[in-house]
Every structure is written in C-alpha cells, then in structure tokens.
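Below: one structure, written as structure tokens.
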Amino acid sequence: MRCTFGHICTVRGGFLAVAVFLCLLCCQVTFAATEASLRDSIKQEEAKAKARQDSLKRLTVEEKELDSTLAASEKSILALEKSLAEQRKQLAGLAAAGESTQRDYDKLLKEQQKTERALAELLSTMWSLHTRRASIGGRDLENWPAIDREYYWTADLLRAIDGYQEELRKQELAVSEVLSRRDAIGQDVAEQMQRLDQQKAKLLGERIKYEQRLAMVRKQRQTAESELNDTLKLIADLNFDLKSARQANVAIDKAKGQLPWPTTGKIAQKFSPSSNPPVRGLGFATSGGADVRAVHGGKVMFRDTMRGLGLVVVVQHGQDYFSIYAFLSDCAVSLGQNVNRGQTLGRCGYYPSINGDGLYFELRHHQNAVNPESWLVKS
C-alpha cells in the first residue's frame with residue numbers, strides 16, 4: 001500500500017523525536033570534554049610538540065655533523081688510496097729493478113766464474129813452477145837468464161792473481177750493496193703499505209659505524225617529524241574543537257535571525273506544527289546536488305539513514321539546540337566530528353514531498369521544534 005505524505009510526516013516526526021532524545025542522552029558523555037579540558041589537552045600537546053621540536057633540532061644537528069664527518073672520512077680514504085697506489089708503483093719499480101739487479105747479478109757471477117777459472121789457471125801454473133823448482137833443487141843455477149825470466153814471470157803471475165782477487169772482492173761488494181739496497185727499500189715500502197692498509201681498515205670501520213649511526217639518526221628524525229606533524233595536527237584539531245565548543249555553547253542563543261540558510265534554493269514547505277499532519281521544519285526545493293551546510297558550529301551527533309527521511313545528519317549546538325538535515329544524497333562528515341558554521345555536511349537528495357531534489361530542515365530546542373525561519377537570515 002502506497003504511503004501518504006501525512007503518514008510520512010507522522011513517521012518522520014516520531015523518528016526525529018527519538019533521534020533527538022538519543023542525542024540528549026549522548027550529551028552527558030560527549031560534552032564531558034569541556035572547554036577547560038580542551039585547553040588542558042591543548043597545553044599538554046603543545047608541550048609534547050615543543051619537546052619533539054627540540055629533539056628534531058638536536059637530531060638535525062647530529063645528522064649534519066655525521067654528514068660532515070663522513071665527508072672528511074671519505075676524503076681521508078681517498079688520500080690513502082692515492083698513497084697506496086703510489087706505494088704499489090714503487091713496489092712495481094722495485095720489482096723491475098730487482099729483475100735488472102738479478103740480471104746484473106747473474107752477469108757478475110759469470111764474470112766471477114771466469115775470473116775464478118783464470119785464477120785457477122794461474123795458480124796451476126804457479127804450482128807447476130813451484131814443483132819444478134823443488135825437483136831441480138838449485139841444480140840449474142848456472143842458467144841465470146832462465147832463472148831471471150822465471151822470477152819476473154812469477155812476479156807477473158802473482159800480480160795478476162792479486163788483481164783477479166781484488167776484482168772479485170769489488171764485484172761481490174757491488175752485488176751485495178745492490179741486493180741490500182733493494183731489500184731495504186722493499187722492506188720499507190712493505191711496512192708503509194702495511195701501515196696504510198691498517199689505517200685504511202680503521203677508517204673504513206669508522207665510516208661503517210658513522211653510516212650506521214647516520215641511518216639511525218635519520219630514521220629517528222623521520223619518526224620525530226612524523227610524530228611532530230601528528231601532534232601539530234592534533235593541536236589544530238583540538239583548537240578547532242575548542243572553537244566549535246565555544247561557538248556552540250555560547251553563540252547560537254544569541255544568533256536568532258542571523259543563522260545562514262542550510263542550502264540554496266527556495267522554501268517549498270513552511271513550519272506548521274498545528275497542521276495535519278504537522279510540519280515541524282522547513283522544506284527547501286533545490287537544484288540537483290546542492291550543498292547542505294551547517295547553520296551553526298557544533299558536533300555531529302547522528303549520521304545515518306532513517307525510515308521515511310533518507311540520509312539524516314543531526315548536529316548538536318551546545319546542550320540545548322539541535323539542527324536536523326534530512327533527505328541527503330551523501331554525507332561529508334562523520335559521527336562525533338566537530339563542524340563550523342557554514343561547513344558542508346553533504347548534498348541534497350531526492351525529497352519525496354516536492355518530487356525533486358531538496359532538503360528537510362529542523363531546528364530544535366531540547367526536543368521541541370522551533371520555527372527555523374525566524375532564526376535564519378532573511379532571504
């Protein structure tokens with residue numbers, strides 16, 4: 001059976017009365033957060049924000065110092081790498097010099113071997129002369145020219161032997177000096193490289209430690225920034241709540257005749273509580289999707305679908321006044337949200353009694369409907 005408009009109005013009035021009654025019960029809880037408690041909460045959050053700002057400042061300074069330390073460490077490591085490269089070049093040069101020295105050494109050994117063979121031949125000759133003299137026992141003394149020749153020959157052999165021996169000593173000394181110099185330089189370079197490697201390993205270890213610390217500081221700074229942003233947002237929300245609470249609790253009873261219209265359009269139904277069925281609010285005819293705005297600051301106490309009223313939003317302005325918005329096509333606020341005067345609550349939807357887009361609006365003091373038209377600004 002098709003529902004008549006009178007039946008809809010009766011049902012609507014009953015449901016709205018229930019909704020307002022439930023809102024009044026909720027008041028005892030939702031308005032426990034008084035203006036004083038909001039100010040205390042803001043003060044506490046501001047103290048947290050100050051502490052987090054100080055922590056963020058300290059972490060930022062530490063991050064810059066670590067960045068500077070890492071840059072200096074990187075510069076030192078690059079300098080060490082350059083020194084190590086130079087030392088490796090020296091070692092490579094020493095290796096080449098060692099090969100050359102080895103070749104010279106091999107050549108000297110060959111010369112020594114030649115000298116030793118020549119010396120051996122001379123010694124053999126000398127031995128032959130000695131054995132011959134021993135065998136003749138001076139019986140050849142009358143052949144003085146031969147004896148004289150042997151004498152000078154022997155002296156020349158002895159001088160040659162001394163020369164070869166001296167040359168061998170010089171050659172051995174030269175080889176020894178070259179090898180000693182090469183070994184000394186090689187040892188010195190190796191020790192320097194070892195020191196540089198140790199210093200590099202130490203710097204690399206310190207750099208890893210600084211990088212780990214820097215990563216931790218950056219993570220702490222990001223966390224501190226996030227927490228600070230959350231705290232600042234909470235402070236803004238609390239200030240908004242405080243402003244809304246002040247506006248809701250103080251101003252609405254002094255704003256009669258000054259409230260803005262809840263939507264743009266024209267009044268299609270007027271306030272008529274004595275008619276049958278009674279009309280306890282105003283019906284507005286609007287264009288499709290027109291915005292629905294709060295007539296005063298307050299808290300959203302109801303946001304749901306109601307039978308015969310579609311999507312409904314109820315805003316509480318202090319503990320005594322409520323504004324009711326029905327037949328919304330969608331809603332832009334959530335339950336418990338504080339709203340400012342003129343803030344968009346949603347958009348107008350289909351209004352059955354005018355067979356088109358519109359808004360049904362009520363204003364109530366306690367549970368009693370009052371004529372909204374006398375509270376709204378004159379059109």
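Each row is one residue, and each column tells you yes or no for (1) among the hydrophobic types (A, V, I, L, M, F, W, C); (2) modelled with pLDDT under 95.
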position: Ser275; (1), (2): no, yes
position: Val279; (1), (2): yes, yes
position: Asp291; (1), (2): no, no
position: Phe322; (1), (2): yes, yes
position: Tyr325; (1), (2): no, no
position: Leu328; (1), (2): yes, no
position: Asn340; (1), (2): no, yes
position: Ile354; (1), (2): yes, yes
position: Leu359; (1), (2): yes, no
- Note on the structure: Over the range 266-286, the set of residues surrounded by 16 or more Cβ atoms within 10 Å (Cβ to Cβ), within 11 Å of Pro372 (Cβ to Cβ) and touching an Asp or Glu at 6+ places or on another chain (Cβ under 9 Å) is Ile267, Phe271, Arg280, Gly281, Leu282
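Does Glu167 satisfy being farther than 30 Å from Glu99 by Cβ, at pLDDT 70 or above and either open to solvent by 60 Å² or more (accessible area, probe 1.4 Å) or in contact with a Phe, Trp or Tyr (Cβ under 8 Å, 6 or more places away or on another chain) (or both)?
Numbers: farther than 30 Å from Glu99 by Cβ: no; at pLDDT 70 or above: yes; either open to solvent by 60 Å² or more (accessible area, probe 1.4 Å) or in contact with a Phe, Trp or Tyr (Cβ under 8 Å, 6 or more places away or on another chain) (or both): yes.
For Glu167, the condition - farther than 30 Å from Glu99 by Cβ, at pLDDT 70 or above and either open to solvent by 60 Å² or more (accessible area, probe 1.4 Å) or in contact with a Phe, Trp or Tyr (Cβ under 8 Å, 6 or more places away or on another chain) (or both) - is not met.
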- Query: Has the range 213-224 got any residue that is farther than 30 Å from Ala72 by Cβ and open to solvent by 70 Å² or more (accessible area, probe 1.4 Å)?
  - Reply: no
- Query: Which of the strands (runs of 3 or more DSSP E) contained wholly in the range 258-340 include at least 1 residues that are in contact (Cβ under 8 Å) with a residue 12 or more places away in the chain and over 30 Å from Leu238 (Cα atoms)?
  - Reply: 266-269, 282-285, 298-306, 310-317, 321-331
- Query: Which residues, counting only those in the range 256-312, are polar (S, T, N, Q) and under 15 Å from Ser323 (Cα atoms)?
  - Reply: Gln258, Thr263
- Item | Looking only at the range 292-319, and only at residues there that are in contact with a strand residue (DSSP E or B) (Cβ under 6 Å, 6 or more places away or on another chain) and of a type in the set (D, E, K, R), the one that is least open to solvent (accessible area, probe 1.4 Å) | Lys299
- Residue set Ala51, Ala92, Ala85; condition within 24 Å of Met193 (Cα to Cα), out of contact with any helix residue (DSSP H, G or I) (no Cβ under 6 Å at 6 or more places or on another chain) and modelled with pLDDT of 75 or more; output residue Ala85
- Note on the structure: If we ask which residues in the range 175-206 are closer than 30 Å to Ala120 by Cα, at pLDDT 75 or above and open to solvent by less than 70 Å² (accessible area, probe 1.4 Å), their number turns out to be 2
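Restricting to the range 316-351, count the residues that are of a type in the set (A, V, I, L, M) and under 41 Å from the mean Cα position of the chain (by Cα).
Just the residues of the range 316-351 that are of a type in the set (A, V, I, L, M), to begin with: 324, 326, 328, 332-333, 335, 339, 345.
Checking which are under 41 Å from the mean Cα position of the chain (by Cα) leaves us with 332-333, 335, 339, 345.
Residues flagged as of a type in the set (A, V, I, L, M) and under 41 Å from the mean Cα position of the chain (by Cα) within the range 316-351 amount to 5.
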- Note on the structure: For Gly289, the lone unmet condition from (1) open to solvent by 10 Å² or more (accessible area, probe 1.4 Å); (2) touching a strand residue (DSSP E or B) at 6+ places or on another chain (Cβ under 7 Å); (3) more than 20 Å from Lys266 (Cα to Cα) is (3)
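The values are calculated or read from the model by the stated rules, or taken from the named source; none is laboratory data. Every value quoted in this text rests on a predicted model; they were computed, and no experiment measured them. FYI the Cβ positions are ideal-geometry reconstructions off the backbone, even for glycines, and counts take in every protein chain you see. Ligands, DNA and RNA are stripped out before the accessible areas are found, and what is left, the full protein with its side chains, is counted by its heavy atoms. Shrake-Rupley method; radii C 1.70, N 1.55, O 1.52, S 1.80 Å.
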